[in-house]
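Here the structure comes first, spelled out in structure tokens, and everything after it is commentary.
The values are calculated or read from the model by the stated rules, or taken from the named source; none is laboratory data. As the structure is a computational prediction, the values presented were derived from the model and not from experiment. Cβ placement follows ideal geometry from the backbone for every residue including glycine, while neighbour counts extend to all protein chains displayed. The accessibility values were calculated without ligands, DNA or RNA, using every heavy atom of the protein model including side chains. Shrake-Rupley method; radii C 1.70, N 1.55, O 1.52, S 1.80 Å.
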Amino acid sequence: MYKLIDEPEIRRQVAVLGERISGELQDRPLTVVGVLTGSIVLVADVIRQIETPVQVDFVRASSYRGRTTRSRDLTVDAVELPDLSGRDVLLVDDILDTGRTLRALAELLRSRGAASVRTAVLLWKRDRTEADFQPDYFCFAIPDVFVVGYGLDYDGDYRHLPYIAVLEPDDL
Ligand code: 5GP
Ligand code: MG
């Protein structure tokens, strides 16, 4: 396992992200919707960088088990989503890989009446993302490696690491 992005670097980029989001909102109320479980750390950090009124909710979606990053069928549990009608929504996830998770979730939130849905991720595996999708905001573009930390897990472990690390075959 080796460190890919250290804690101060993450802090700096998350602050920039918060500034950009605040600047573009211009005082319109925002609902941040985090994708469980990987987004919890980024959601906690980024909402404290937003200076306009914010509500926070989470949705559970899983397209992924264990180490493989190939997307399977997406399962979404959004039964408890609040009323989003007329609200600007920022959909937050830890990492954008193929883009299938965020694309499907953005569509779902639009169908729940959101006025707008934008997406934000900490990490973007740009080379793996399907051609017609890109995040509205991202902090770091990374190569196609398996990463953990700052919310990202390997079979439930490593989410608490304050930095991003790459897992190597020996770690698995
Ligand atoms: P997508 O739908 O964009 O292909 O998949 C996104 C999801 O795949 C993320 O929410 C995350 O759960 C998982 N994922 C993709 N790449 C990685 C990775 O390198 N490490 C971990 N821990 N999860 C990943
Ligand atoms: Mg995830």
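Screening R12 against (1) open to solvent by less than 70 Å² (accessible area, probe 1.4 Å); (2) over 20 Å from Y158 (Cα atoms); (3) without any contact (Cβ under 8 Å) to a residue 24 or more places away in the chain leaves a single unmet condition, (1). Candidates in region 144-160 are the residues that are assigned to a loop (DSSP other than H, G, I, E, B) and hydrophobic (A, V, I, L, M, F, W, C); of these, the one that is most open to solvent (accessible area, probe 1.4 Å) is V145. Scanning region 46-61 for residues that are in contact with a helix residue (DSSP H, G or I) (Cβ under 7 Å, 6 or more places away or on another chain) and among the polar types (S, T, N, Q) returns Q49, T52.
For L4, indicate whether it is at pLDDT 95 or above and within 12 Å of ligand 1 (Cβ to nearest atom). The answer is yes for L4.
Against the conditions (1) within 16 Å of ligand 2 (Cβ to nearest atom); (2) modelled with pLDDT of 75 or more, L84 satisfies every one except (1). For region 1-37, a tally of residues being over 28 Å from V76 (Cβ atoms) and part of a strand (DSSP E or B) returns 4.
Would you say A114 is away from ligand 2 (no atom under 16 Å from the Cβ), in a loop (DSSP other than H, G, I, E, B), open to solvent by less than 20 Å² (accessible area, probe 1.4 Å) and not acidic (D, E)? Against the criterion (away from ligand 2 (no atom under 16 Å from the Cβ), in a loop (DSSP other than H, G, I, E, B), open to solvent by less than 20 Å² (accessible area, probe 1.4 Å) and not acidic (D, E)), A114 qualifies. Do the conditions hold for Y154, that is, is it of a type in the set (F, W, Y) and modelled with pLDDT of 90 or more? The answer is yes for Y154. If the condition is being of a type in the set (V, I, T), modelled with pLDDT under 95 and more than 13 Å from A120 (Cβ to Cβ), then region 40-53 contributes only T52.
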